[in-house]
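Please read the structure below before turning to the comments.
We did not get these values from a lab; they are worked out from the coordinates using the rules stated. This structure is a prediction, so every number in the text was calculated from the model and none was measured. Backbone-built Cβ (ideal geometry, glycine too); neighbour counts: all protein chains shown.
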Amino acid sequence: MIRLTKQEKEEICTLINKNTSLNQISIITNKSKSTLYYYYAKIKSRKFSKIKFNYSDEELGEFLGIFTGDGGFYFDKVRYKYIIRIYTGLVDKGYNEDLIKFFSKIFDKKPHNYIKFKDNVCILSYHSKDIYLLLKKFLHWEGTKTYSIKLKEPHNYSKDFYIGFLRGLFDTDGNFYNPKNRVSYGTVSEKLIFQVNEIMKYLGFYPTLYINKKESFYTLNLHGKPAMDFLEGVQPRNKRKLGDCGQEVRHHPPI
């Protein structure tokens, strides 16, 4: 980090107090925006409540499942921020509200919540290196997250962790087809689908695996009583999914 002289700091402070934009301050002082943002935060004494982890094994598994299905990560080099986002459809309003309460509990901090009408999505986000490090401790992905994400190995995960993980996956990339009593989960990550298959078997659910080689899409299905046993055991949060009839698993743009 570039150290500024006392005079430079005073000049920047004066400009900030005049509500001058960072772009303008950068031009005036000939300093990079990344340097200015660091001192901007210092000068303005911006106070952000810190993340405090407060989760059980099951809640941790659920958060990781949610991120695996509908999460994204971005590192803002200019502002030096680790940005974690969770995307839900506008039709999932009840689920989005439930997630706000859930995340507020496990991180002791309410997420930012905004709507992107152009893409018909609600976005919950955190600026947190600690959450990013938590994700990287348990999950692996490279390149486009959607195609490569999986649980890291080896780990001795508990049964509660796996139940939470399946709940997060189902709530994001799963569906229940009511007329046929069928539970379906789909993903484009080959490594993830085989992990989920083994997890479900470990918990006493024995799904049928379908592979669409043409589209490189993998699906796990349960029918009849096993499907109902799965819903009873996993207890999904996304109630809209339980009311879906004959709709396909949602596809999101690769993250």
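Multiply the residue gap between Lys101 and Tyr206 by 0.36 nm, knock off their C-alpha separation, and tell me the result in nm, one decimal place.
34.6 nm
In a shell of Cβ-Cβ distance under 13 Å around Ser148, excluding Ser148 itself, what net charge do Lys and Arg (+1) and Asp and Glu (-1) give?
Combined, the nearby Lys, Arg, Asp and Glu give +2.
Taking the Cβ of Ile193 as the center, what net charge do the other residues with Cβ under 12 Å away carry, scoring Lys and Arg +1 and Asp and Glu -1?
Neighbourhood net charge equals -1.
Roughly what would the spin-label model give for Leu242 and Lys110, points 7 Å off Cα along C-beta, in nm?
2.7 nm
Suppose every K and R has +1 on its Cβ and every D and E has -1 on its Cβ; what is the size of the dipole of the chain about the Cα centre, in Debye to the nearest 20? Intermediate results must be reported in sequence, preceding the final value.
Values: 43 positive and 27 negative charges, 241 e Å.
With only Lys, Arg, Asp and Glu charged at Cβ, the dipole is about 1160 debye.
Counting only C-alpha contacts under 8 Å and six or more residues apart, can you give the relative contact order of segment 130-255 as a whole percent?
Working: 178 pairs, mean separation 38.7, N = 126.
That works out to 31 percent.
Give me the number: length gained by fully extending Lys213 to Asn30, i.e. 0.36 nm times residue separation minus the C-alpha to C-alpha distance, one decimal in nm.
Net length gain for the segment: 60.4 nm.
If r is the Cβ-Cβ distance from Lys118 to Asn54 and R0 is 22 Å, what FRET efficiency results, to the nearest 0.05?
Working: r = 35 Å, r/R0 = 1.57.
That gives a FRET efficiency of 0.05.
Going by average Cβ density within 10 Å per residue, which order do the peptides 212-223, 162-173 take, highest to lowest? Walk me through the numbers before you get to the answer.
On the way: 212-223: 14.5, 162-173: 24.9.
Order by mean packing, descending: 162-173, 212-223.
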